[in-house]
Amino acid sequence: MKKRLISLMMAAVMAGSLAGCGGGAGADTTAPGTASGAESGTTEGTQTGTQAQDAPGQSTIKWAMWDKDLTAYYKPLIEAFESGNPDIKVEMVDLGSSDYNTVLTTQLTGSGSGFDVVSIKDTPGYTTLVNKGILEPLDSYIEKDGVDLSGYKGLTDQIAVDGKLYELPFKSDFWVIYYNKDIFDKAGVEYPTNDMTFEQYDELAGRIANTEPGQEVYGSHYHIWRSTVQMFAMLDGKHTILDGKYDFLKPYYETILKEQEDGICQDYATLKTSNLHYSGAFSQGNIGMMNMGTWFISTLIEKVGSGEYADCANWAIVKYPHAEGVEPGSTAAQITSLAIPASAPNKDAAWKFMRFVCGGEGAKVLASTGNFPAIMTDGIVSTVASTSGFPTDDASREALQTANLYLEMPVNAKSSEVEIVLNEAHDNIMTGNMTVDEGIADMEQKVAAVLGQ
């Protein structure tokens with residue numbers, strides 16, 4: 001019963017986490033954002049929350065977030081925190097999802113919001129708040145409490161601004177390879193592994209593909225986001241979307257365009273014209289492997305459990321393919337974080353709550369609701385892997401253990417503008433409007449203009 005409950009909660013939370021945002025996924029309105037909750041019908045900017053009544057010796061902190069009534073982990077996090085901190089109550093204030101960043105910025109730059117803790121939805125929103133000087137630096141709190149940041153697998157280094165931290169991640173989804181065991185079994189080909197180079201991945205895709213008309217099996221599948229191609233090249237700790245020089249993307253574009261030409265993967269232009277969602281593509285049962293984020297796991301669990309996805313019921317996952325010399329388990333991540341406004345009236349209480357949510361205790365609560373916390377310990381991996389409907393093979397469980405996590409969108413004031421350029425060039429390359437060399441030259445010329453502004 002407990003496992004079934006977790007599975008249902010996962011479905012409820014994650015089915016909605018296909019709402020759009022950055023990191024390359026922004027090219028599609030159904031893309032995952034921070035994978036932190038569904039786009040809701042909440043009126044933009046409308047504050048809703050439970051008005052807390054302070055008991056003697058008790059203080060109340062106000063937490064700004066979105067999708068209060070649609071997100072399964074809010075209430076368990078608060079209940080767990082309040083049970084161990086009876087002197088602090090947490091009041092949720094829902095600012096709506098679709099225009100959250102704008103509303104939050106307006107509130108914090110005005111007067112009277114009284115927020116003690118705020119959820120950070122994405123990199124552009126975080127950058128805006130830091131640039132406006134309205135977030136509290138966390139370094140003194142971290143140093144005072146001796147907080148160990150190693151559990152974040154390098155994420156905290158990437159979100160530091162001028163050497164200072166203004167947010168801490170509490171939720172993180174990362175990219176893996178989903179595969180259909182039935183296709184590999186039928187082809188008599190060994191399953192993908194957790195230590196697979198990109199070249200081995202490409203070779204495996206070719207071995208399981210079937211190009212016979214009417215019997216097509218695609219060895220690989222790439223959704224239309226630029227992330228599905230470009231992120232392969234950005235997991236070495238050296239390259240990001242802000243490089244300005246993009247020759248490092250060329251081998252990956254050439255390989256995937258060759259797969260497309262040979263019928264190993266579906267045609268990009270066709271996918272874009274048909275508006276075929278990646279979940280619909282994988283569910284048809286004729287795709288061997290697909291690169292996608294962990295937000296898709298609960299959708300598979302729910303849809304396979306209901307019988308709707310019968311053709312891919314025998315699915316599993318492995319770690320993301322890596323370049324030669326790169327540590328297995330290096331992958332891209334999207335995070336949801338907490339921050340303390342500089343104007344917060346209860347900063348010490350806010351930090352206590354933030355440390356709980358973003359630390360190991362909060363991670364256990366998140367995992368119990370079927371979500372992926374930013375800190376993944378062995379115990380938390382066991383909780384997720386024991387969810388009813390999760391693949392039972394050891395490789396899938398091992399795939400939940402990451403080595404290095406790299407943000408899809410780096411923290412930089414120009415990240416959003418650079419991404420627009422890369423999205424346009426990606427579309428032109430994949431549709432054949434530009435050669436790979438022409439597309440890379442276009443990226444470099446236009447990004448140079450953006451970075452030089």
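The values are calculated or read from the model by the stated rules, or taken from the named source; none is laboratory data. What you are looking at is a predicted structure, and each value in this text was computed from that prediction instead of being measured. Cβ placement follows ideal geometry from the backbone for every residue including glycine, while neighbour counts extend to all protein chains displayed. Heavy atoms of the whole protein, side chains included, go into the accessibility calculation; ligands, DNA and RNA do not. Shrake-Rupley method; radii C 1.70, N 1.55, O 1.52, S 1.80 Å.
Annotations for the structure displayed:
- SER396 vs. criteria in contact (Cβ under 8 Å) with a residue 12 or more places away in the chain, hydroxyl-bearing (Ser, Thr, Tyr) and in contact with a Ser or Thr (Cβ under 9 Å, 6 or more places away or on another chain): no
- For the stretch 221-242, the count of residues that are under 28 Å from ILE375 (Cα atoms), open to solvent by 10 Å² or more (accessible area, probe 1.4 Å) and in contact with an Asp or Glu (Cβ under 7 Å, 6 or more places away or on another chain) is zero.
- Where helices (runs of 4 or more DSSP H) sit wholly within the stretch 353-400, those with at least 3 residues that are open to solvent by less than 30 Å² (accessible area, probe 1.4 Å) occupy 360-368, 378-385.
- Residue satisfying condition, being over 30 Å from GLN445 (Cα atoms) and at pLDDT below 95, within set GLY214, GLY219: GLY214
- Residue, farthest from LEU400 (Cα to Cα), within the stretch 157-210, restricted to residues that are open to solvent by less than 20 Å² (accessible area, probe 1.4 Å) and free of Cβ contacts under 8 Å to residues at least 40 places away in the same chain: LEU165
- Extreme residue, most open to solvent (accessible area, probe 1.4 Å), among residues of the stretch 295-325 that are modelled with pLDDT of 95 or more and assigned to a loop (DSSP other than H, G, I, E, B): GLU308
- The stretch 254-267, residues that are open to solvent by 10 Å² or more (accessible area, probe 1.4 Å) and either in contact with a Leu (Cβ under 8 Å, 6 or more places away or on another chain) or of a type outside the set (A, V, I, L, M, F, W, C) (or both): GLU254, THR255, LYS258, GLN260, GLU261, ASP262, GLY263, GLN266, ASP267
- Only one of the listed residues (SER368, SER382, SER386, SER416) is hydroxyl-bearing (Ser, Thr, Tyr), at pLDDT below 95, within 14 Å of LYS171 (Cα to Cα) and in contact with a helix residue (DSSP H, G or I) (Cβ under 9 Å, 6 or more places away or on another chain). That residue is SER368.
- Subset of the stretch 278-294 [open to solvent by 40 Å² or more (accessible area, probe 1.4 Å) and either touching a strand residue (DSSP E or B) at 6+ places or on another chain (Cβ under 7 Å) or farther than 13 Å from CYS312 by Cα (or both)]: none
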